[in-house]
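For reference, the structure discussed in these notes is given below.
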Amino acid sequence: MRDLKAGPQRGLLIVNPKASTGSRRRTRWVAKKLDRVLDLTVEKTGDRGHGEELARRGADAGYDVVLSLGGDGTVNEVVNGLVADGRPADEAPLFAPIPAGSTNVFARALGLPWDRRRASMAIVTALEERRTRTVSLGRLQGEGVDRLFTFCAGLGWDASIIKKVESYRKKRNLGAHYARAVMAELNEHGVEGDSIEVSLSTGEEVLSTGMVVVQNCAPWTYLGALPVNLNARASFNAGLDVLILRKLGLSDAARTAASLLVGRDGPDGKHAVTHHDLSRIRLRASLPQAFQLDGDYLGECTELELSSVPKALRVAC
């Protein structure tokens with residue numbers, strides 16, 4: 001980071017005005033606090049992908065710090081822009097996510113408060129004290145997709161549920177929407193999908209007919225204030241963790257959903273396989289399956305490769 005004696009660092013705040021807790025007044029409040037420690041420029045995103053473009057431009061322009069004000073989708077775009085084309089962490093701007101979405105998993109996994117105001121003040125303090133850390137990311141490649149992810153990716157049942165949650169216009173009561181989506185998916189399609197072959201960097205091969213969830217950190221997501229853990233050991237300081245549901249019947253599905261909704265750690269039993277600290281995971285589905293990245297439904301595919309990218313991003317927190 002630039003020597004503070006040389007003057008304020010240049011900061012770029014990328015704002016998603018459509019985020020669930022976003023507003024002009026709130027953006028002005030955040031910008032005013034950041035102005036204490038940064039020579040700040042504010043840019044607003046438009047269509048999907050604009051956040052990535054703005055972050056890439058900011059990195060190319062030599063900004064010292066790039067911040068996002070939005071949800072996990074905005075974070076994902078900004079992160080992909082900052083370290084685009086393999087830019088090393090020490091050559092990219094420092095990143096700080098200010099939560100303004102419905103879950104804000106990455107920001108909260110870093111230990112930042114869920115509240116936008118308290119998170120802003122925590123980031124200001126971190127910048128004043130030059131408090132940073134370097135975290136790993138995940139990378140997903142396959143069928144025309146090559147993106148980094150900050151906290152999770154999934155193929156199968158969980159991605160189908162996320163697709164349904166995204167179709168509900170109101171997202172305030174996320175727990176209720178999640179439960180509604182689970183029930184809708186059970187009623188429409190049951191719990192077992194087509195087979196997914198999972199190849200791990202350990203050499204092990206596992207077959208799933210339910211879902212595969214890959215985590216870069218814990219928790220997997222939040223339902224309001226409730227952390228939901230599938231792989232509680234997942235960490236920014238390690239490789240990827242994976243949960244593989246080999247077979248998921250109706251009773252297993254109901255028990256799994258209920259345990260997650262009350263805050264228990266991930267599914268257990270013979271139907272669930274977990275692995276920790278993997279460098280690579282390859283997925284091959286017999287027919288196209290729904291997949292998601294950092295909680296965003298991205299479509300359907302049959303083959304994906306996920307890999308760990310160690311020490312990929314510097315963050316202020």
Can you list residues from other chains, or at least 5 along the same chain, whose modelled amide H is less than 5 Å from the amide H of residue 312?
135, 136, 137
Given H placed on each backbone N at 1.01 Å, which residues far from residue 211 in sequence or on other chains put an amide H within less than 5 Å of it?
157, 245
Cα convex hull volume per residue for segment 4-130 (Å³)
96
Which of 275, 50 has the fewest Cβ neighbours within 10 Å, and the rest in rising order
50, 275
Spin-label point model (7 Å from Cα, Cβ direction): what's the residue 202 to residue 35 distance in nm?
5.4
The residues 85, 277, sorted from fewest to most surrounding Cβ atoms within 10 Å, come out as 85, 277
Efficiency by 1/(1 + (r/R0)^6): what FRET value for residue 132 and residue 24, r their Cβ-Cβ distance, R0 = 25 Å, to the nearest 0.05?
0.25
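Read the figures in this text as sums done on the coordinates, not as results from a lab. Every value quoted in this text rests on a predicted model; they were computed, and no experiment measured them. For neighbour counting, all protein chains shown are included, and Cβ atoms are generated from backbone atoms with ideal geometry for every residue, glycine included.
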